[in-house]
Amino acid sequence: MIFGRNHGGVIRRHELSFSEGELVRPLLPESLRSRKRLDDRTVLNGIVWKFRTGTAWWDVPERYGSWATLHTR
């Protein structure tokens, strides 16, 4: 399940819910690498957070994953 993580049962304001994540999933590319990727919904929420706040990539909270992952994804 790609969109299973929800920060301990709390969906934060302006973040994709589980059902919204499932709606977006078919639009996202599949991983071509053999290693497991970070949850796509978490990454999308981090990217949205960055642009909503206007902060630098390295200032995105770690709950969204590495800033480098967010930037390259």
* Structure fact -> Of 62, 15, 20, ordered by accessible area with the largest first and a 1.4 Å probe, the sequence is 62, 20, 15
* Protein accessible area in the stretch 30-73, 1.4 Å probe - carbon and sulfur % -> 54
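Tell me the per residue accessible area of the stretch 11-61 using a 1.4 Å probe; a whole number in Å² is fine. Let's see the in-between values first.
Details: 3730 Å² over 51 residues.
Per residue, the stretch 11-61 has 73 Å² of solvent-accessible surface.
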* Rank these residues by their accessible area, most exposed first, probe 1.4 Å: 18, 51. => 51, 18
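The values are calculated or read from the model by the stated rules, or taken from the named source; none is laboratory data. Please read these numbers as outputs of a predicted model, since none were measured by experiment. Ligands, DNA and RNA are excluded from the accessible area calculation, which covers all protein heavy atoms including side chains. Shrake-Rupley method; radii C 1.70, N 1.55, O 1.52, S 1.80 Å.
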